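Chemist: First, the structure itself, so that you have it in front of you.
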Amino acid sequence: MSRILIIEDEEAIAELEKDYLELSGFEVVISNTGDEGLQIALAEEFDLIVLDLMLPGMDGFEICKLIREEKNIPIIMVSAKKDDIDKIRGLGLGADDYMTKPFSPSELVARVKAHMARYDRLVGSTQKSNDIIEIRGIRIDKTARRVMVDGVEKAFTGKEFDLLTFLAENPNHVYTKEELFREIWDMDSIGDIATVTVHIKKIREKIEYDSAKPQYIETIWGVGYRFKV
Ligand code: CA
């Protein structure tokens, strides 16, 4: 469930916002002071922050700036004064949106949903376009089909790459040689399960510090192999 932090000193407003957001399926935490709000914002994980500008203690400008230094989650700033909106824009604090009080709670909910969807798309698309598996010192770029071991690129044949990627994507799962052969090679391709052994040996020479004492691809005697995490 997505979590939202509301930093707002007017308790009635904070409670109203909370009710509406909870009805829309969000989990909501309220803080009524600037200093405490900042602490919670930095200490806990949230998906979005609704930040009032005028607060006792530290004000919203300062809080926004300090949160932005640590996190890039969406921040919606709220103010009773129209002039403040210009100031927020002018200061370039990194707020994603701003709303002038009074506003309808349903408008807040709509904006919260829009910002979360946009943020999910941004974060999601970065992960997808990279398509990278990282396990300890090994970095596998599936799109570019490249493997880095402790920062040094290693050359892999097509089948070696497929086999390493398959094992790394299914860590701690023990596969028999037969299963790996079926997974990586075509059913009617020439060769047998000894091919798997040969390929594992070659992969180990490239990724292991000491092939005799493998740290990544373990041999489970009498069964097969697994990628250890
Ligand atoms: Ca206030």
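The values are calculated or read from the model by the stated rules, or taken from the named source; none is laboratory data. Everything numeric here is computed off the predicted structure, so don't read it as measured data. As a convention, Cβ positions derive from the backbone with ideal geometry for all residues, glycine included, and neighbour counts pool all protein chains shown. We work out accessible area using only protein heavy atoms, side chains counted, and drop any ligands, DNA or RNA first. Shrake-Rupley method; radii C 1.70, N 1.55, O 1.52, S 1.80 Å.
Chemist: At a Förster radius of 25 Å, what calculated FRET efficiency corresponds to the Cβ-Cβ distance of D120 and L42, to the nearest 0.05?
Modeler: 0.70
Chemist: Here is a follow-up. Computed FRET efficiency, Cβ-Cβ of K81 and D19, R0 30 Å: what is it to the nearest 0.05?
Modeler: Taking R0 as 30 Å, the efficiency between K81 and D19 is 0.75.
Chemist: Farthest toward the dipole's positive end in the range 132-227, which of A144, F181, A194, given Cβ charges of +1 (Lys, Arg) and -1 (Asp, Glu) about the Cα centre?
Modeler: About the Cα centre, the residue reaching furthest to the positive side is A144.
Chemist: If Lys and Arg each add +1 and Asp and Glu each add -1, what is the summed charge of the other residues whose beta carbon sits under 13 Å from the beta carbon of V198?
Modeler: +2
Chemist: Rounded to whole Hz and in sequence order, give me ³J(HN,Hα) for the range 164-173 from the Karplus expression 6.51 cos²θ - 1.76 cosθ + 1.60, θ = phi - 60°, writing x for Gly and Pro.
Modeler: Once rounded to whole Hz, the list reads 4, 5, 4, 5, 5, 7, 10, x, 6, 9.
Chemist: For Y98, what residues show an amide H to amide H distance below 5 Å, using hydrogens built from the backbone and excluding near sequence neighbours?
Modeler: Counting only residues 5 or more places away or on other chains, the set is M77.
Chemist: Enter the accessible area per residue of the chain (Å², integer; probe 1.4 Å; all protein chains in place).
Modeler: Ligands and nucleic acids excluded, the result is 56 Å² per residue.
Chemist: When N is the residue count of the range 3-126, what does its C-alpha Rg come to as a fraction of 2.2 N^0.38 Å?
Modeler: Cα Rg divided by the expected 2.2 N^0.38 Å: 0.96.
Chemist: For the range 101-110, just list the computed ³J(HN,Hα) in residue order, Karplus coefficients 6.51, -1.76 and 1.60, θ = phi - 60°, integers in Hz, with x standing in for Gly and Pro.
Modeler: Values, residue by residue: 6, x, 10, 7, x, 5, 5, 4, 4, 4 Hz.
Chemist: I've got another one for you. Would you tally the net charge around M1, using a Cβ to Cβ cut-off of less than 13 Å, leaving M1 out, and scoring K and R as +1, D and E as -1?
Modeler: -3
Chemist: Still on this structure: If you fit an axis through the alpha-carbon atoms of helix 60-70 and take the longest principal axis of the Cα set of the chain, what angle between them do you get, 0 to 90°, nearest 10?
Modeler: 10
Chemist: Between D35 and I135, what length comes free when the chain is fully extended (0.36 nm per residue of separation minus the Cα-Cα distance, one decimal in nm)?
Modeler: That works out to 32.2 nm of additional length.
Chemist: Could you look at the chain and say what percent of its accessible area is carbon and sulfur, using a 1.4 Å probe and all protein chains?
Modeler: Roughly 51 percent of what the probe reaches on the chain is carbon or sulfur.
Chemist: Helix-derived [θ] at 222 nm for the chain: sum -39500 (n - 2.57) over DSSP H runs of at least 4, divide by residue count, nearest 500?
Modeler: Values: 8 runs with 104 residues, N = 229.
About -14500 deg cm²/dmol.
Chemist: Take every Cα-Cα distance within the chain, group them into 10 Å bins from 0 onward, and report for each bin the whole-number percent of pairs it holds.
Modeler: Calculated P(r), rounded to whole percents: 7, 26, 19, 11, 16, 14, 6, 1.
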